[in-house]
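Here the structure comes first, spelled out in structure tokens, and everything after it is commentary.
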Amino acid sequence: MVIESNNCQEIDCLKPLQTREGLNQLRDEWKAKLEQPKDIRVVIGMATCGISAGANQVYDAFREEFDKRGMTTIKLEKVGCVGMCVYEPIVEIYETGKDRVSYIHVDPPKVKTIIEEHILGGRPCPGLTLAGLNNDDKSAPECAGFDDLPFYRKQKRIVLHNCGFINPEDIRQYIGVDGYQALADVLTTMTPQDVIDTISASGLRGRGGAGFPTGLKWKFAAANEADQKYIICNADEGDPGAYMDRSVLEGDPHAILEAMIIGGYAIGATKGWIYVRAEYPTAVKRLHIAIDQAEQLGMLGENIFGSGFNFDIQIRLGAGAFVCGEETALIASIEGKRGMPRNKPPFPANKGLWGKPTIINNVETLANIPGIIRNGAEWFRSIGTEKSPGTKVFALGGKITNTGLVEIPMGTTLREVIEDIGGGCPNGKTFKAVQTGGPSGGCLTINALDVPIDFDKLVELGSMMGSGGMIVMDEDNCMVDIARFFLDFTCDESCGQCTPCREGTKRMLEILDKIVNGAAHKKDLDDLKELADNIRLTSLCALGQTAPNPVLSTMEHFMDEYLAHVVDKRCPAHVCKNLTGYYITDRCIGCTKCVRVCPADAITGAVKEHHHIDQAVCIHCGACFDVCPFDAIERR
Amino acid sequence: MSQPCQCMTISDDDPRYMELRAFIQKEENKQGVAMTALQEAQRLFGYLPLEVHKFISSETGVPIAELYGVTTFYSQFTTSPMGRHQIQVCMGTACYVKGAQKVLDKVIETVGVGVGMTTDDRLFTINAARCLGCCGLAPVMMIDDHVYANIDNVNCIPAIIAKYREDGSRSSK
């Protein structure tokens with residue numbers, strides 16, 4: 001992954017803040033700079049998705065133009081993900097007294113236009129904004145910032161509030177948006193019990209998947225007497241297709257540090273660990289910078305705010321093992337061992353890292369903590385549903401128009417997320433299902449669209465919240481193939497310790513392979529179901545226990561597709577290669593385009609003559625279908 | 001997986017061992033050093049052959065068997081050398097539903113080796129990545145540090161690979 005050149009501002013004026021007054025003074029100074037900037041503030045979304053789309057070149061282009069033109073007062077800043085990944089690279093312009101303007105798909109040539117027209121000329125360029133490009137919504141102003149768009153209007157951004165606004169590599173900007181105020185409150189006015197009571201009263205539930213009450217977890221660890229306790233931030237975001245944790249770490253790393261220090265104080269831990277995927281180099285780099293700056297300011301270290309409380313944080317990198325998202329496996333991995341889970345109890349809150357009481361909280365859970373302390377438990381409870389207060393961030397992906405990160409109050413319906421925020425399936429295709437909970441979850445169909453989303457409702461529907469991946473599928477996706485895809489994943493990621501998961505998932509995969517290759521019989525479906533039930537009941541950890549979910553859930557909702565594969569030997573979505581034949585219809589005018597792309601030389605026919613596919617030679621790759629300009633190739 | 005050839009063997013006096021030793025000594029007081037030492041070693045050497053395991057074992061006191069257990073458990077560790085260019089095709093869910101399998105098939109067809117394998121000339125290694133985290137740009141492929149986004153037409157892949165091949169043959173001349 002590209003790590004941007006190390007041109008973060010060297011902040012040499014960071015002196016330890018020993019008092020609340022010092023913190024407030026810095027906050028007031030930076031609040032003014034952020035909210036009422038003297039000159040124009042240009043921010044570029046530089047999380048992984050932005051960088052991948054070319055944000056570095058855009059940043060360099062702005063820098064070069066500003067330098068060339070001597071525009072030294074303009075603040076050019078790298079910020080985290082603003083959420084609309086599909087429109088990256090995104091540049092936003094803030095000017096005191098004016099609406100913010102959000103430019104999408106920016107490239108170096110557009111940079112020049114933006115500088116000349118908008119920054120120098122004072123005329124924003126509607127053609128380069130999202131509203132300008134796609135202004136169906138007449139209520140939005142012509143040059144709308146993202147706030148005015150339906151994509152954001154239904155969202156409630158608590159966790160992602162600072163992402164895309166502050167520079168994550170500058171602690172002073174975090175302080176400018178009330179950062180570390182919660183920590184100061186906790187250390188100067190609250191007892192550890194007060195903190196636990198507030199978190200318990202807020203009803204916050206773990207955002208990593210299972211939804212266990214965070215306050216209760218903290219209470220268990222606090223109740224244990226020990227010479228050392230630990231708090232771990234689980235940033236091993238392994239669900240393929242979910243990246244909200246990465247986005248928070250890249251866009252607002254100090255929120256996680258602040259929450260960990262608060263959690264440490266509450267349970268009596270003086271040491272924290274962040275276990276983060278090595279595949280997230282930008283997040284790792286920004287965490288290192290954040291820890292450095294927090295230490296310089298005295299937010300980490302000894303005697304924080306003169307309270308006598310000490311806390312330090314270390315980073316440990318994962319090495320690519322999905323199972324390490326499981327608490328006990330993660331602990332083994334930090335201890336330097338193979339990341340294999342163990343039986344619970346004892347729970348980590350009693351016996352965790354190196355045998356000491358340990359709390360493990362997910363990134364998104366922690367990101368909620370400072371806000372709860374600052375605004376109170378009642379505020380948090382006023383958002384979301386009774387049993388699942390607050391918001392949830394989803395990574396909306398797959399066959400959806402507005403791919404990106406969305407944060408919605410719990411209780412929002414799936415329809416609102418997919419149709420209003422996500423903009424529905426692109427290219428006029430029909431929605432088929434949405435998969436939540438990744439490899440542990442299930443799929444929800446059109447019948448579930450009006451159910452309000454929360455932890456318990458999703459479980460009732462045979463899926464789960466999981467970490468928040470939400471992959472939309474349309475008519476062109478084969479549900480059997482998707483089930484096979486997830487099982488292939490869990491089978492590969494099984495740690496091999498217990499037999500049901502190690503052997504059982506392999507046998508299930510073999511059956512699914514038979515089905516997608518057209519070699520299965522009806523009895524195989526019964527075997528598949530029986531295996532799935534047994535694996536669910538007898539596996540050691542959550543990975544195995546939930547591995548059959550994608551299969552069970554697709555079998556429940558899309559049995560017709562399974563039967564089409566098994567009985568009729570055809571794949572209704574034309575995805576499974578061996579069950580899809582390609583035939584040339586009368587529409588063929590003999591342009592020879594397909595002949596040229598066929599890797600198997602299976603197509604014959606002279607120019608301007610009807611072509612023919614030799615079914616014995618065809619490898620079903622679909623290259624001809626994709627390339628035919630006359631829709632003359634039919635799939636059967 | 002093929003065995004590392006002679007030209008890749010690491011000599012005993014390789015200066016990278018000194019760096020690794022310095023890293024381990026710095027970490028000495030911290031618990032759980034085995035994994036961080038292996039990560040550092042892989043960063044330095046590019047892969048983890050037996051001799052590197054032996055070295056880490058003698059420096060840390062962790063048995064070779066235990067180290068090897070850790071190496072083989074995690075997918076990021078590799079015991080054989082990698083190609084000069086790493087091709088990673090994202091097979092995360094968002095990419096998969098948007099046709100990542102076709103991208104992977106085309107890459108395999110073009111390069112001529114399968115997933116997890118390295119070409120005989122050590123120019124390319126192909127990997128299927130779990131998720132590169134750029135789901136908004138799906139389907140995505142990454143060669144070294146460069147991300148190729150929205151690969152809707154897989155026929156552009158041979159030209160992309162050819163570019164790296166040309167650069168490779170030029171620099172080896």
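The values are calculated or read from the model by the stated rules, or taken from the named source; none is laboratory data. Model, not experiment: these values are computed from the prediction. Glycine also receives a Cβ, built like all others from the backbone with ideal geometry; neighbour counts cover every protein chain displayed. Accessible surface areas use protein heavy atoms only, side chains included; no ligands, DNA or RNA. Shrake-Rupley method; radii C 1.70, N 1.55, O 1.52, S 1.80 Å.
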- Message: So, B:Gly116, is that one open to solvent by less than 40 Å² (accessible area, probe 1.4 Å), under 23 Å from A:Cys491 (Cα atoms) and modelled with pLDDT of 90 or more or not?
- Response: yes
- Message: Tell me the residue from A:Asn402, A:Asn350, A:Asn361 that is under 23 Å from A:Cys163 (Cβ atoms) and in the same structural domain as A:Val248 (by TED's automatic domain parsing), please.
- Response: A:Asn361
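If we only count helices (runs of 4 or more DSSP H) wholly inside the stretch A:142-195, which ones have 2 or more residues that are out of contact with any Leu (no Cβ under 6 Å at 6 or more places or on another chain) and open to solvent by less than 10 Å² (accessible area, probe 1.4 Å)? Walk me through how you get there before you give the answer.
Details: elements: A:150-153, A:171-176, A:181-189.
Hits in the stretch A:142-195: A:171-176, A:181-189.
Say whether the condition of being surrounded by 21 or more Cβ atoms within 10 Å (Cβ to Cβ) and modelled with pLDDT of 95 or more is met by at least one residue in the stretch A:62-72.
Narrowing the stretch A:62-72 to residues surrounded by 21 or more Cβ atoms within 10 Å (Cβ to Cβ): A:62.
Now drop any that are not modelled with pLDDT of 95 or more, which leaves A:62.
Within the stretch A:62-72 (the criterion being surrounded by 21 or more Cβ atoms within 10 Å (Cβ to Cβ) and modelled with pLDDT of 95 or more), the answer is yes, since at least one residue qualifies.
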- Message: Out of the residues in the stretch B:65-102 meeting the condition of being part of a loop (DSSP other than H, G, I, E, B) and more than 19 Å from the chain's Cα centre (by Cα), tell me which one is farthest from the other protein chains (Cβ to nearest Cβ).
- Response: B:Gly99
- Considering the stretch B:155-170 alone, what residues qualify as being out of contact with any Phe, Trp or Tyr (no Cβ under 9 Å at 6 or more places or on another chain), more than 8 Å from chain A (Cβ to nearest Cβ) and either open to solvent by less than 80 Å² (accessible area, probe 1.4 Å) or acidic (Asp, Glu) (or both)? B:Pro158, B:Ala159, B:Ala162, B:Glu166, B:Asp167, B:Ser169
- Query: Is there a residue being more than 14 Å from chain B (Cβ to nearest Cβ), touching a residue at least 40 places away in the same chain (Cβ under 8 Å) and loosely packed, with under 14 Cβ neighbours inside 10 Å anywhere in the stretch A:522-543?
  - Reply: yes
- Subset of the stretch B:24-53, residues open to solvent by 40 Å² or more (accessible area, probe 1.4 Å) and either modelled with pLDDT under 90 or more than 21 Å from A:Arg338 (Cβ to Cβ) (or both), comes to B:Gln25, B:Lys26, B:Glu28, B:Asn29, B:Lys30, B:Gln31, B:Glu51
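Picking from A:Ile51, A:Ile115, A:Ile119, A:Ile93, which residue would you name as being in contact with a helix residue (DSSP H, G or I) (Cβ under 6 Å, 6 or more places away or on another chain) and touching a residue at least 40 places away in the same chain (Cβ under 8 Å)?
Details: A:Ile51 fails: in contact with a helix residue (DSSP H, G or I) (Cβ under 6 Å, 6 or more places away or on another chain); A:Ile119 fails: in contact with a helix residue (DSSP H, G or I) (Cβ under 6 Å, 6 or more places away or on another chain); A:Ile93 fails: in contact with a helix residue (DSSP H, G or I) (Cβ under 6 Å, 6 or more places away or on another chain).
Exactly one residue qualifies, and that residue is A:Ile115.
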- Residue tally, condition more than 14 Å from chain B (Cβ to nearest Cβ) and in contact with a Gly (Cβ under 9 Å, 6 or more places away or on another chain), over the stretch A:28-48: 11
- Note on the structure: Of the conditions (1) hydrophobic (A, V, I, L, M, F, W, C); (2) open to solvent by 80 Å² or more (accessible area, probe 1.4 Å); (3) in contact (Cβ under 8 Å) with a residue 60 or more places away in the chain, the single one that A:Val567 does not satisfy is (3)
- Message: Where the second residue is open to solvent by 10 Å² or more (accessible area, probe 1.4 Å) and hydroxyl-bearing (Ser, Thr, Tyr) and the first is at the interface with chain B (Cβ under 10 Å from one of its Cβ atoms) and lies in the stretch A:317-329, which pairs have Cβ atoms under 6 Å and are six or more apart or on separate chains?
- Response: A:Gly320/B:Ser75
- Task: Output the number of residues of the stretch A:286-316 satisfying the condition of being surrounded by fewer than 21 Cβ atoms within 10 Å (Cβ to Cβ) and within 14 Å of chain B (Cβ to nearest Cβ).
- Result: 3
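Would you confirm, using the coordinates I've provided, whether A:Arg502 is open to solvent by 30 Å² or more (accessible area, probe 1.4 Å), out of contact with any Phe, Trp or Tyr (no Cβ under 8 Å at 6 or more places or on another chain) and closer than 19 Å to A:Met559 by Cβ?
Spelling it out, it is not the case that A:Arg502 is open to solvent by 30 Å² or more (accessible area, probe 1.4 Å), out of contact with any Phe, Trp or Tyr (no Cβ under 8 Å at 6 or more places or on another chain) and closer than 19 Å to A:Met559 by Cβ.
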